[in-house]
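Here's the structure, in structure tokens; my notes come after.
The values are calculated or read from the model by the stated rules, or taken from the named source; none is laboratory data. All values reported here derive from a predicted model rather than from experimental measurement. Cβ sites come from the backbone with ideal geometry, for glycine too, and all protein chains shown count toward neighbours.
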Amino acid sequence: NAGVTQTPKFRILKIGQSMTLQCTQDMNHNYMYWYRQDPGMGLKLIYYSVGAGITDKGEVPNGYNVSRSTTEDFPLRLELAAPSQTSVYFCASNRQGPGETQYFGPGTRLLVL
Amino acid sequence: QKEVEQNSGPLSVPEGAIASLNCTYSDRGSQSFFWYRQYSGKSPELIMFIYSNGDKEDGRFTAQLNKASQYVSLLIRDSQPSDSATYLCAVSSDRGSTLGRLYFGRGTQLTVWP
């Protein structure tokens, strides 16, 4: 199993541009998550999904959108990129249920200039 | 808002010493607790989880949970330079509309010097 994969690894955006961060998992996990991590900070939840067709906001959803059309894929869309969105983005997944550990992708480093 | 607080660090210990990492949480109903290790520039990886009060040992790592005090800790015995990383405490929401979500602390940076 590849686990959780993310693309791209690194991207530079200009202010106002848009992009989609890709996330795919091959573990048949129902739950998927998007986090951002700023330097010296913990992980902040952006959006999460409990299954195909179901998404919900996390702690910091403004400026982002998600969709979940399949179990495997959970893309994160940035519209009108801003410098405040410069961060490292991690996708994670786990099986349904409380207490299940999350498995993380390698991350996407985004720089907005 | 569920709060997870960690000792801010950075923590520096000599090789062979015991490193102690602490975490407190605000949601008394939390049932599942995790410790992740994150090397610089890498993604978090799970090293321990604990659900019950008391101690749980795995090799050089021991997780301790005290639900009454809302406190969870991680002890690393015989610390090695390869243990140098940031350690993230995470608490699971086990009920209601936030079921399954993890809440992370800011992390404690550990340096083990030879």
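None of B:SER93, B:SER32, B:SER20, B:SER40 is touching a residue at least 24 places away in the same chain (Cβ under 8 Å) and in contact with a Phe, Trp or Tyr (Cβ under 6 Å, 6 or more places away or on another chain) except B:SER32.
Please give the number of the condition B:SER79 fails out of (1) buried (at least 19 other Cβ atoms within 10 Å of the Cβ); (2) in contact with a Gly (Cβ under 8 Å, 6 or more places away or on another chain); (3) in a strand (DSSP E or B). Result: B:SER79 passes all but (3). Regarding the stretch A:31-54, can at least one residue be identified that is farther than 25 Å from B:TYR39 by Cα, more than 12 Å from chain B (Cβ to nearest Cβ) and not in a strand (DSSP E or B)? Yes: one or more hits.
So B:LEU21 clears everything in (1) buried (at least 21 other Cβ atoms within 10 Å of the Cβ); (2) under 13 Å from B:PHE104 (Cβ atoms) except one condition, right? Which one? Only one criterion in (1) buried (at least 21 other Cβ atoms within 10 Å of the Cβ); (2) under 13 Å from B:PHE104 (Cβ atoms) is unmet by B:LEU21, namely (2). Within the stretch A:68-92, the set of residues being away from every other protein chain (no Cβ under 11 Å) and closer than 30 Å to B:TYR51 by Cβ comprises A:ARG68, A:THR71, A:GLU72, A:PHE74. Residues satisfying the criterion are present in the stretch B:79-88 (criterion: under 24 Å from A:TYR31 (Cα atoms) and of a type in the set (Ser, Thr, Tyr)). Residues that are crowded, with 17+ Cβ neighbours inside 10 Å and not hydrophobic (A, V, I, L, M, F, W, C) were ranked within the stretch A:45-60; the one that is modelled with the lowest pLDDT is A:GLY58. Scanning the stretch A:93-113 for residues that are within 14 Å of chain B (Cβ to nearest Cβ), part of a strand (DSSP E or B) and surrounded by fewer than 19 Cβ atoms within 10 Å (Cβ to Cβ) turns up just one, A:ARG109.
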